[in-house]
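Worksheet: one structure, shown below.
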Amino acid sequence: MVSFPPCKINLGLNILNKRPDGYHNIETCFYPMPWTDILEIIPANALVFSTSGNSIPGREDDNLCLKAYHLLQKEHKLPAVKIHLHKIIPTGAGLGGGSADAAHTLRLLNSIFQLNIAADKLMHYASALGSDCAFFIQDLPRFGAGRGEVLTAIEISLKGKFLVLVKPELHVSTEDAYANVNPKHQIVSLQNTLIATPIDRWKDVVKNDFEESVFKKFPEIKAIKEKMYLLGAVYASMSGSGSSVFGIFNSPVSSENFSGLTKWSGILH
């Protein structure tokens, strides 16, 4: 069985405060994007995990797909499977590609072995794997609170908009990004701001709190955002803790404006 784990962008990202457990409370809107990996899982005589496409940093045993399998196997006594991941979504980009792969592993295993695990239970499993994993259980726009795992529906649509996603050859450490951010109390909820404000006015009121420190360290990322606006974006932002940047346009623009960089562009449906 095959699935296509998508990436996500963050429409706003406010860092509210640091929690006693060392994590931060945030508020953000996760929005799914059709830039996808390809994940195949089939029953097998022994557990096998393989990859192709973009290289994946870290030890194979630490891959979230395997962690997702072992998490379900522990409670549901799953038989062995062969997992193959063709990696297309860039890593270290703030796009949640690894989290998507983990969540879709849970979804595929649930389907293949007819475990009949409800979505909310799958989201519980997913949140144990990573703060934004639960979002990818349903791949719908969601407002995220807590560490990002507390999800609620939000009426946001980018349908018909042309989006450009650009990933420079830079790696932003999420740990470093959090270490350098200054948490801020928000008077107005980001959720209310997104709903009440037209997209062409988001530029003035919808922020990503990681940008201030990340742009100081990596001015190349700031330059990409500025170029999005020069090309006519109605809104542009870094996604997550970076290093990718997205621009929302009312009409198509040539992605060749970012030649030499990893990129995706298209109209959202």
Report, by residue number, each residue of segment 169-221 that is basic (K, R) and under 19 Å from L11 (Cβ atoms).
-> K184, R201, K203, K207
Close pairs from segment 53-72: first assigned to a loop (DSSP other than H, G, I, E, B), partner not hydrophobic (A, V, I, L, M, F, W, C), Cβ under 6 Å, at least 6 apart = N54/K87; I56/K87
Residues located in segment 121-165, provided they are assigned to a helix (DSSP H, G or I), crowded, with 19+ Cβ neighbours inside 10 Å and either touching a His at 6+ places or on another chain (Cβ under 7 Å) or not β-branched (V, I, T) (or both) | L122, M123, Y125, A126, S127, A134, F135, F136
Which of (1) in a helix (DSSP H, G or I); (2) farther than 20 Å from S99 by Cβ; (3) open to solvent by less than 80 Å² (accessible area, probe 1.4 Å); (4) of a type outside the set (A, V, I, L, M) does E226 not meet, given it meets every other one?
-> (3)
Test for I195: is it open to solvent by less than 50 Å² (accessible area, probe 1.4 Å), among the hydrophobic types (A, V, I, L, M, F, W, C) and part of a helix (DSSP H, G or I) | no
Identify the residue in segment 160-181 that is touching an Asp or Glu at 6+ places or on another chain (Cβ under 7 Å) and among the hydrophobic types (A, V, I, L, M, F, W, C) and, among all such residues, is farthest from I248 (Cα to Cα).
-> V181
Could you please tell me which pairs satisfy a Cβ distance under 6 Å, a separation of 6+ or placement on different chains, a first residue in segment 203-216 that is free of Cβ contacts under 8 Å to residues at least 40 places away in the same chain and of a type outside the set (A, V, I, L, M, F, W, C), and a second residue that is part of a helix (DSSP H, G or I) and surrounded by fewer than 13 Cβ atoms within 10 Å (Cβ to Cβ)?
-> none
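The values are calculated or read from the model by the stated rules, or taken from the named source; none is laboratory data. Please read all numbers here as calculations on a predicted model, not as lab measurements. Don't worry about glycine lacking a Cβ; one is built from the backbone with ideal geometry, like all the others, and counts go over all protein chains shown. Note: areas computed on protein heavy atoms with side chains; ligands, DNA, RNA excluded. Shrake-Rupley method; radii C 1.70, N 1.55, O 1.52, S 1.80 Å.
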